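Novice: One structure, as C-alpha cells, below. Some questions next.
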C-alpha cells in the first residue's frame, strides 16, 4: 500500500480544522497534529488580546509545522494550519515538498455562528475579519481541494477524503487517529462511533 501524503487542513478560524483534522487522519490511518500547539507563547498571548499576527509572528510557527510535516514524509500525517496566504503555503512546502492542502471553506454566517459557540479557544471571533482579508484561496498549481463545511463533522471528513482521491489520498480501514494532544470539539457536537461488528471465533478443525 502506498504511503499517504501529509495533509494540511487549512482555512480561516471557525471552519472546524481541529474537529475535521482528526477525523480525516482516522480515515487515512495516520497521525494528527494540532497546528495551534506549534505557536510560541508570544503568538498565543497576542491573539488572546485580540491582536492579529503579522508575517514575522507566523514565520517560526510555519517553520515548526513544516519540520513536523517533513518528519512525517515517509509515513503520512494530517496537521491543521490556517495557511491563509500563498506565501505561507510556499514556506510549508519549502520544508516539506509534496504537501496536500484541504481548504475548509463555507458561508461566512455559518463560520461566525460556529466561532460564537467555541469555548476555551484563545482566538476571539473579532479576528475573523482579518482572517478573511488575509485569505488567498488555493491556486490552480497547488495540490489540494476545497471542502464545504456544511453538514456534520463526519460528512465533511468523508467529503474531504473522497475529494482529493485523484491526488493519491486513499482511505484506509476506519481507525482512531493517533493524536499528539487531546483535541476538543467545540465547533460541533461530539460524534458517536458506530459499534464494532461482533464476530464469533471460527471453530477449530477436528483432531486427526
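Novice: If I ask for residues that are touching a strand residue (DSSP E or B) at 6+ places or on another chain (Cβ under 9 Å) and under 20 Å from residue 13 (Cα atoms), which ones from segment 60-81 would you list?
Specialist: Hits for segment 60-81 are 65, 78, 79, 80, 81.
Novice: Here's another thing I want to ask about it. State all residues of segment 29-54 that are in contact with a helix residue (DSSP H, G or I) (Cβ under 7 Å, 6 or more places away or on another chain), within 23 Å of residue 153 (Cβ to Cβ) and not in a loop (DSSP other than H, G, I, E, B); if no residue qualifies, say none.
Specialist: Across segment 29-54, the qualifying residues are 31, 32, 33, 35, 38.
Novice: What number of residues within segment 7-28 are in a helix (DSSP H, G or I) and under 12 Å from the mean Cα position of the chain (by Cα)?
Specialist: 10
Novice: For residue 83, which of the numbered conditions (1) in a loop (DSSP other than H, G, I, E, B); (2) buried (at least 16 other Cβ atoms within 10 Å of the Cβ); (3) at pLDDT below 95; (4) under 17 Å from the mean Cα position of the chain (by Cα) fails to hold?
Specialist: All conditions pass for residue 83, except number (3).
Novice: Tell me, which residue of segment 89-109 that is touching a strand residue (DSSP E or B) at 6+ places or on another chain (Cβ under 9 Å) and in a helix (DSSP H, G or I) is farthest from residue 136 (Cα to Cα)?
Specialist: Going through the qualifying residues, I end up with 92.
Novice: Specify which of the listed residues (201, 184) is loosely packed, with under 14 Cβ neighbours inside 10 Å and either within 24 Å of residue 67 (Cα to Cα) or modelled with pLDDT under 50 (or both).
Specialist: On inspection, the qualifying residue turns out to be 201.
The values are calculated or read from the model by the stated rules, or taken from the named source; none is laboratory data. Everything quoted here is computed from the prediction, not taken from an experiment. Cβ coordinates were reconstructed from backbone atoms using ideal geometry, including for glycine residues, and neighbour counts include every protein chain displayed.
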